[in-house]
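Please see the structure below; I have some questions.
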Amino acid sequence: MKLVSVIRVCLTLGLYGASLTCLPSAAFSIPETLATQQANKLVRIQYKAQQGDANAQYLLGLMNITGRFVAKDLAQGQHWLETAASQQHLKAMQTLADLSYEGKLYPRNLAQAQKWYQQLSEQGSKWAHFRLGFIYSAGGDGIERHCGKAMAEFSAVGDDVSLGNVAWILATCPEAKFRDGDRAVDMSLKLLKSNQDDPTILDNLAAGYAEQGHFEQAVDTQKKAINALKLAPNLANIDEFQSRLEQYLNQQAYREVIPILE
């Protein structure tokens, strides 16, 4: 997968509400056990969730999908997260979007992920714009691949990684109407100023040169990308870089249909 992604860790669980203490019996109090304290907090969260408290619904949803303090129940967890999200609870919306996109606990559902990310993006979430960029770059599950929408979403994020993804799409999108080698090269050269040895930016630049038809420059730049990648092999598969070099040597520009996740 060429587009540069960001791995985030989500689902941080806390407890909702204040601790309850036992009433005094006779002349002294009997301290609660840890198990009793946890049970009391759980009852409080469940009560508040049933009364429509979105924070409690969100926490109860997390508890159910992780199996913390309650028996693990993915269906019940999804129910409470969706109930909280229907009240525009941002963390619940993002959790549902991420779970739908990643397809680990639940089957991948890009249409659901797009729905929640779209709502989050309207609230200004950069992460939602970033994920929407990947969804539109790849398509599938009822979502049409659309390079123009993908570039718009990445541009809304505006950081170097996202702008690098825009440059890549400009150089490699299968639909000619979205390709612009001149813009791809210009963006890549600007990004390269901050890091002359970034293999991903060099790879983007080489693809831009190939789209322009400047294959000699594409070959030279791709060789630099491969050499740079050898110093940071975790960034991408060197075989992919080498394969693109072979295409440029054969006077062929690169076209990519991006898989949503590997």
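The values are calculated or read from the model by the stated rules, or taken from the named source; none is laboratory data. All figures in this text were calculated on a predicted structure; none of them were measured in a lab. A quick note on method: Cβ atoms are made from the backbone with ideal geometry, for glycine too, and the neighbour counts reach across all protein chains shown. We work out accessible area using only protein heavy atoms, side chains counted, and drop any ligands, DNA or RNA first. Shrake-Rupley method; radii C 1.70, N 1.55, O 1.52, S 1.80 Å.
Can you give the Rg/Rh ratio of the range 130-183, where Rg is from the C-alpha atoms and Rh is the Kirkwood radius?
Across the range 130-183, the Cα-based Rg/Rh ratio is 0.95.
Still on this structure: Considering only protein heavy atoms and a probe of 1.4 Å, how much of the accessible area of the chain is carbon and sulfur, as a whole percent?
For the chain, the apolar C and S fraction of the accessible surface comes to 51 percent.
What does the accessible area per residue of the range 44-84 come to in Å², with a 1.4 Å probe and no ligands, DNA or RNA counted?
Details: 1940 Å² over 41 residues.
Ligands and nucleic acids excluded, the figure is 47 Å² per residue.
List the residues whose amide H sits under 5 Å from the amide H of D73, counting only those 5 or more places along or on another chain, with H placed 1.01 Å from N in the peptide plane.
I65, G67
Translational D (Stokes-Einstein, µm²/s) of the range 101-152 at 4 °C and 1.567 mPa s when Rh comes from the Kirkwood sum over C-alpha pairs? Walk me through the numbers on the way to the answer.
Details: Rh = 10.9 Å.
Answer, rounded: 119 µm²/s.
Please compute the Kirkwood hydrodynamic radius over the range 124-238, one decimal place, Å, based on all pairs of different Cα atoms.
Over the range 124-238, the inverse of the mean reciprocal pair distance is 14.3 Å.
Also, I was wondering about something else. What nm value, rounded to one decimal, do you get for the distance between S155 and K223 when each label is placed 7 Å out toward the C-beta?
So the two model labels end up 3.5 nm from each other.
Now a separate question. As a check on your grasp of the helix formula, calculate [θ] at 222 nm for the chain: sum -39500 (n - 2.57) over DSSP H runs of n ≥ 4, divide by the residue count, round to the nearest 500.
Values: 12 runs with 158 residues, N = 262.
Computed mean residue ellipticity for the chain: -19000 deg cm²/dmol.
Let me ask something else about it. When the chain is fully extended, how far beyond the present Cα-Cα distance does S194 get from A176, taking 0.36 nm per residue of separation?
Working it through step by step, the gained length comes to 3.5 nm.
Okay, which of the range 178-196 sit inside 13 Å, backbone N to the point 7 Å along the Cα-Cβ direction of L231?
Once the point is set 7 Å along Cα→Cβ of L231, 195-196 turn out to lie under 13 Å by backbone N, inside the range 178-196.
Straight-line reach from K193: which lysines have a Cα under 20 Å away, not including same-chain ones fewer than 8 places off?
Filter leaves K223, K224.
So, counting K/R as plus one and D/E as minus one, what does the shell of residues with Cβ under 15 Å around Q251 add up to? Kindly include the intermediate steps, with their values, before the conclusion.
Numbers: positive: R244, R255; negative: E211, E216, D220, E246.
Within the 15 Å Cβ shell, the charges total -2.
Using label points projected 7 Å from each Cα along Cα→Cβ, tell me how many nm separate Q76 and Q118, to one decimal.
3.3 nm
Mind checking the full-extension length gain between V43 and D186? Use 0.36 nm per residue of separation minus the Cα-Cα distance, one decimal, nm.
Separation in residues times 0.36 nm, less the Cα-Cα distance, equals 45.6 nm.
Taking a cut-off of 33 Å, what percent of all Cα-Cα pairs in the chain are separated by more than that? Each step should come with its number before you reach the end.
Values: 12983 of 34191 pairs.
Looking at the chain, the distances longer than 33 Å represent 38 percent of pairs.
Given N residues in the range 29-172, what is its alpha carbon radius of gyration divided by 2.2 N^0.38 Å?
That ratio works out to 1.29.
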